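Data block below; observations after.
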Amino acid sequence: MPLLTQSQADDEEYVLVASLDNARNLSNILKAITFKDHAIFSATPTGLRVTVEDSKCLQANAFIQAEIFQEYTIKEDLVGFQVNLTVLLDCLNIFGGSTVPGVSTALRMCYRGYGYPLTLFLEEGGVVTVCKINTQEPEEPIDFEFCSSNVTNKVILLSESLKEAFSELDMTSEVLQITMSPSQPYFRLSTFGNSGNAHYDYPKDSDMMELFKCTKTQTNRYKMSLLKPSTKALALSCKVSVRTDSRGFLSLQYLVRNDDGQICFVEYYCCPDEEVEEE
């Protein structure tokens, strides 16, 4: 394949080179975090993290491990840049994002360093297209200080059951209320929309519940407008981990399998909307 046989001299100029036989393995996971134009790329020897943020209340991270790539070469401990995510996705789908079996777009992504564009070499059916996307100096992502030692409640669900809940809850509600408790209702989603109040409960021994680990009763509300982007990740995922910490911050971690069956993760952090008095 021409993309993977470029001269070594070219590679020596780049601080980051990442290649995929199927560009959809990158574009699909990036779609799961596309709700703002700009994304921060942070590459380390273990892989690529792409971060999108909204008004210091919401952060989405896509993690693509180095092993996912057919080639992954990095010459620094950390390579960071910011790009327009909408433009990047347009480039990745320049051949139409074919879903025809046996037909895929190969990708070689190269970055020379600060001030240089992100260069994409895309090949399908012997046709190679080169895209250069301007980069900016990356902003420092917000640290939500969400650490596992402060997690008070955690459940792991099959994504199908959460999709079902979202289809039944009233999305005209301004907030989604999440109750997690060691006793009933265990795990409850509530909305307060135009058609009245709605609750969706999960028994802790439900077939849809892979893990239930709740240490105290917590009820928190989150703005529905902030959570809606995460439904893109939900649609792609097979499992989701829902965690809250002692401050009521929410972590939604989605396990996503790509076209080749490899696992990537998408994580959303969301601030609570307001304190709710426990009943």
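The values are calculated or read from the model by the stated rules, or taken from the named source; none is laboratory data. Treat the numbers as computed from the prediction; the structure is a model and nothing was measured. Positions of Cβ are backbone-derived with ideal geometry, glycine not excepted, and every protein chain shown enters the neighbour counts. All accessible areas refer to the heavy atoms of the entire protein, side chains included, with ligands and DNA or RNA removed. Shrake-Rupley method; radii C 1.70, N 1.55, O 1.52, S 1.80 Å.
The mean sequence separation of alpha-carbon pairs under 8 Å and at least six residues apart, normalised by the residue count of the stretch 151-270, gives a relative contact order of 29 percent.
Its relative contact order, with pairs defined as Cα atoms under 8 Å and 6+ residues apart, puts the chain at 19 percent. Using the rule -39500 (n - 2.57) for each DSSP H run of four or more residues, divided by the residues of the chain, the 222 nm mean residue ellipticity is -3500 deg cm²/dmol.
For the stretch 36-166, the relative contact order is 21 percent, taking Cα pairs closer than 8 Å that sit 6 or more residues apart in sequence and dividing their mean separation by the residue count. GluC sites (Glu not before Pro) within the stretch 19-81: which are DSSP loop residues with at most 15 other Cβ atoms inside 10 Å? Taking the stretch 19-81 and a limit of 15 other Cβ atoms within 10 Å, the loop GluC sites (Glu not before Pro) found are Glu76.
Computed from label points 7 Å out along Cα-Cβ, the spacing between Ser195 and Ile94 is 4.6 nm.
At most 12 other Cβ atoms within 10 Å and a DSSP loop assignment: could you name the chymotrypsin sites (Phe, Trp or Tyr not before Pro) in the stretch 153-211 that fit? Walk me through the intermediate numbers first.
Values: sites: Phe166, Tyr186, Phe187, Phe192, Tyr200; in loops: Tyr186.
Within the stretch 153-211, no chymotrypsin sites (Phe, Trp or Tyr not before Pro) qualify (loop, at most 12 other Cβ atoms within 10 Å).
List the trypsin sites (Lys or Arg not before Pro) within the stretch 125-222 that fall in a DSSP loop (any state other than H, G, I, E or B) and whose Cβ has at most 14 other Cβ atoms within 10 Å. Numbers along the way, then the final one.
On the way: sites: Lys132, Lys154, Lys163, Arg188, Lys204, Lys213, Lys216, Arg221; in loops: Lys204, Lys216.
When the trypsin sites (Lys or Arg not before Pro) of the stretch 125-222 are filtered for loop state and at most 14 Cβ neighbours within 10 Å, Lys216 remain.
In summary, the lysines within cross-link reach of Lys31, defined as a Cα separation below 28 angstrom excluding same-chain residues under 8 places away, comprise Lys56, Lys75, Lys132, Lys154, Lys163, Lys223, Lys228, Lys232, Lys239.
The computed Rg and Dmax of the Cα atoms in Å for the structure shown corresponds, within (1) 19.8, 71; (2) 22.0, 67; (3) 20.5, 67, to (3). Against the chain, whose longest principal axis is taken from its Cα atoms, helix 159-168 shows a tilt of about 60°. Convex hull volume of the C-alpha atoms in the stretch 27-135, normalised per residue: 112 Å³.
Spatial offset of the stretch 73-88 relative to the stretch 193-272 amounts to 28 Å, using the alpha carbon center of each.
Counting only protein heavy atoms and a 1.4 Å probe, the chain has 48 square angstrom of accessible area per residue. Taking the charge dipole of the stretch 138-248 about its Cα centre, with +1 at Lys and Arg Cβ atoms and -1 at Asp and Glu Cβ atoms, the residue from Val155, Met208, Gln184 reaching farthest to the positive side is Gln184.
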